[in-house]
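Values quoted throughout were computed directly from the atomic coordinates according to the rules given, and no laboratory measurement underlies them. Quick caveat: nothing in here was measured; it's all calculated off a predicted structure. Here the Cβ is made from the backbone with ideal geometry for all residues, glycine too, and neighbour counts use every protein chain on show.
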């Protein structure tokens, strides 16, 4: 393992050379900066040194080749692992024990980011296990608006021309494919799901990656014919990739989940959550039952009221969105829920929103079933003051570390926290049927949590999770269930559970702060803190804000991934 504190250049998977320190210097540095097993490191490095270290690491992990085509060959991945080990060897070199708690929080957040890279390189290994990764890498090319000119045209043509070689290398790299991953990739090659992945609108959605490249070729034939030959070559390579997957699917029998031991390690060391996966399932089951009980009670309470109807036109839906946005903005200010800075976009059109108006042959999918009845649950979660509001606030953070760390327990937990918090604060007192929609969202998030854990522990496959979710979630359809199962199986473990568990952590933090401050507690100040402190794991925010160290104290006894006995 490379050790030391020498400077590293930004390194690409494509294979830029590292500037490694000498073995003698590395050994001496490691001996002088060995971590204290009872607490934070006591090395010689200052906080300023640590900020420089993080900046170097962040540049390394963020760098991509100029043409966007990443090399995932075995040699390139091995270089990446070696470079990461060199970064990890420098972690004990800082005087963390002497820093205040806010700087210690930064250290733990950064260490978790290194652990995330480690886990990806050595456990999830999507380039070797998930053929869908290569589909994702090239699908957005097909969304490109034509015609192109200048440098944009040159870059686009380069990326197009490299698709055949890229997919040929993929067939070499994919030596341990999981069965669920293969099935999802085959589905996404040839099927549209109606859910959306940042794709442009089409009245008839193209059928998967193959359909989107056909769409690109048809547009190029009209708008930029010189691209047609490269697009056809890419289409041929994609079809060969599909045929290879079909032919080799019987041998693709690996398990998609990471297993119990790896999942628990990840939850502790990357998510920085104070729970085991078994405890997460117990918490989620309780939330599932609680939401079903309240949903049932709400349905009974509203039994004599008319059901919420779907919007009948785009104009009706747009009017609903405008009214929802104005209502929530007014409520936040008048009820002293959250400050709305002047830099925030002033309208929902400027802010953006999740579900555009679409008429589908089979009717609205799950998210539209809710959104087209009342836009407020998803508007709270995803737009204002949820994800889009949160994102605008995060871009104003100037901190050299916190501006570049984002944890889904904080981001998805915040979005989910807002839904029931708005209900409890009276936003829907005059909209009783909307309260039912809040509970439906809660049901799906709790069910997701259980499915997330059980898929990653290889106790349920994608089809079983889809069926489980549909049993517990009104309006849920196959396409949304499949897309969500794919997201939570294929992203870093625990993303699906961070909605419910992150929300519960934020509620706990609220309780801690209220009990700490008593009558001096301000809900608006609490929420403003969350918008300004960085989107760190909630356990770190809890220590940062309250000084309660019971959750972070155990994080100092760090167990490296290399010591983990995988399932």
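Computed values, structure above
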item	result
In nm, spacing of pseudo-spin labels at residue 201 and residue 70 (7 Å Cα→C-beta vector)	3.2 nm
√(5λ) per eigenvalue of the Cα gyration tensor, the range 132-251, largest first, Å	25, 17, 11
Exposure proxy ranking, count of Cβ atoms within 10 Å, fewest first, for 321, 148	148, 321
Efficiency of FRET from Cβ geometry, residue 549 and residue 299, R₀ 45 Å, rounded to 0.05	0.55
Euclidean distance of C-alpha centroids, the range 535-567 and the range 323-347, integer Å	34 Å
Whole-percent pair-distance distribution, where bins are 10 Å wide, for the alpha carbons of the range 486-567	14, 38, 31, 13, 3
Sorted by Cβ density within 10 Å, fewest first, the residues 434, 498, 562, 158	562, 158, 434, 498
5 Å binning of all Cα-Cα separations within the range 72-113, expressed as whole percents from 0 upward	5, 20, 22, 16, 13, 10, 7, 5, 2
Gyration tensor (alpha-carbon) shape descriptor, the range 260-555, a/c threshold 1.5	oblate
Relative contact order, percent, the chain [alpha-carbon distance under 8 Å, six or more residues apart]	17 percent
Descending Cα extents along the principal axes, the chain, whole Å	79, 68, 47
Estimated D of the range 367-470 in µm² per second, where Rh is the Kirkwood radius over Cα pairs and Stokes-Einstein applies at 10 °C, 1.306 mPa s	103 µm²/s
Förster-model FRET efficiency, 45 Å R0, residue 326 and residue 49, C-beta, rounded to 0.05	0.35
Length added when fully stretched, residue 278-residue 520, from 0.36 nm per residue minus Cα-Cα	83.4 nm
Residues 118, 342, 130, 67 arranged by fewest to most Cβ contacts within 10 Å	342, 67, 118, 130
Reference-scaled alpha-carbon Rg (2.2 N^0.38 Å with N residues) for the range 341-384	1.32
Cβ-Cβ FRET estimate between residue 233 and residue 62, R0 fixed at 25 Å, reported to 0.05	0.25
Potential lengthening between residue 357 and residue 289 on full extension [0.36 nm per residue; Cα-Cα distance subtracted]	21.2 nm
For the range 372-523: relative contact order, % (alpha-carbon pairs under 8 angstrom, 6 or more apart)	29 percent
Euclidean distance of C-alpha centroids, the range 107-141 and the range 395-424, integer Å	22 Å
Gap separating the Cα centres of the range 229-246 and the range 55-81, nearest whole Å	25 Å
Backbone N within the range 115-141 under 12 Å of label point (7 Å from residue 157 Cα along the Cβ vector)	none
Whether the range 416-551 is rounded, prolate or oblate, judged on the alpha carbon gyration tensor where a/c under 1.5 counts as rounded	oblate
